[in-house]
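Let me begin by presenting the structure, written as structure tokens, before commenting on it.
The values are calculated or read from the model by the stated rules, or taken from the named source; none is laboratory data. Given the structure is predicted, the values throughout are model-derived calculations rather than measurements. Note that we place each Cβ from the backbone using ideal geometry, even for glycine, and neighbour counts take in every protein chain shown.
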Amino acid sequence: MKLKLAGGGGSVELNDSAFATDFNESLIHQVLTAYMAGSRSGTKKQKSRSQVRGGGTKPWNQKGTGRARAGTIRSPIWVGGGRTFAAKPRDYSQKVNRKMYRGALRSMLSEMVRQQRLQVIKEFTVSAPKTKELLTKLKELDMGSSVLIVVDELDVNLLLAARNLPYVTVTDDEDLNPVSLIGHDQVLMTVGAARLLEEQLV
């Protein structure tokens with residue numbers, strides 16, 4: 001497929017296998033769910049009655065006190081006792097095959113091309129780490145406030161210029177993921193990044 005370059009200057013030929021595939025909603029949903037589940041810490045931890053300190057002796061005699069019998073002060077029904085069903089650290093990650101992950105990325109990128117939410121530019125840099133300069137360049141390209149900038153090689157000036165913009169993210173082809181794609185209204189990608197993605201996704 002042929003895509004017109006943003007800001008003028010001709011067009012670029014992209015591989016249909018990476019940027020013109022069918023939209024697979026169920027696959028995208030599965031990969032997104034697995035990706036976000038894998039980012040969960042899963043470090044919740046509570047102590048059961050066997051892990052709470054103390055309670056080694058019987059609080060009082062079994063009979064003759066007039067009170068209910070008790071074997072330990074660390075019983076779950078006592079204040080300061082252990083938890084009945086104590087939470088334990090767990091792993092929320094889900095297995096996603098490499099073929100499924102790449103297929104989801106291809107489907108998302110292709111749908112963005114069809115919706116005219118993905119623009120390709122020859123190169124995108126800023127001369128200094130200035131947010132104002134970056135905003136001016138994005139405005140010239142008719143980009144909105146929510147933009148994902150994908151470059152083939154990260155530039156320090158570009159990273160610093162985008163740091164103060166809450167809805168503008170700079171990444172490279174290696175760190176591109178489904179969550180960042182779906183979290184932005186528009187994607188601005190350099191030709192070099194598009195070529196590298198073609199190699200990875202085809």
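Any residue in segment 17-32 that is exposed (fewer than 14 other Cβ atoms within 10 Å of the Cβ), within 30 Å of S110 (Cβ to Cβ), more than 19 Å from the chain's Cα centre (by Cα) and not acidic (D, E)? Quick ask: steps written out before the conclusion?
Step one: of segment 17-32, the residues exposed (fewer than 14 other Cβ atoms within 10 Å of the Cβ) are 17, 22-23, 25-26, 29.
Imposing the further condition that a residue be within 30 Å of S110 (Cβ to Cβ) reduces the set to 17, 22-23, 25-26, 29.
Okay, now just the ones that are also more than 19 Å from the chain's Cα centre (by Cα), so 17, 22-23.
Imposing the further condition that a residue be not acidic (D, E) reduces the set to 17, 23.
Looking for residues that are exposed (fewer than 14 other Cβ atoms within 10 Å of the Cβ), within 30 Å of S110 (Cβ to Cβ), more than 19 Å from the chain's Cα centre (by Cα) and not acidic (D, E), one finds at least one in segment 17-32, hence yes.
Name the one entry in G80, G55, G64, G71 that is touching a Ser or Thr at 6+ places or on another chain (Cβ under 6 Å) and not assigned by TED's automatic domain parsing to the domain that holds G183.
None of the other options fit; the residue is G55.
Just name the residue that is farthest from N15 (Cα to Cα) out of those in segment 106-137 that are in contact (Cβ under 8 Å) with a residue 40 or more places away in the chain and hydrophobic (A, V, I, L, M, F, W, C).
Top of the filtered list is F124.
Hey, can you tell me all the residues within segment 124-141 that are over 26 Å from the mean Cα position of the chain (by Cα) and closer than 17 Å to H184 by Cα?
K139, L141
Scan segment 89-105 for residues that are loosely packed, with under 10 Cβ neighbours inside 10 Å and more than 16 Å from G42 (Cβ to Cβ) and report the count.
3
Scan D152, D173 and give me the residue that is within 15 Å of the chain's Cα centre (by Cα), modelled with pLDDT under 95 and surrounded by 15 or more Cβ atoms within 10 Å (Cβ to Cβ).
Unique residue meeting the criteria: D173.
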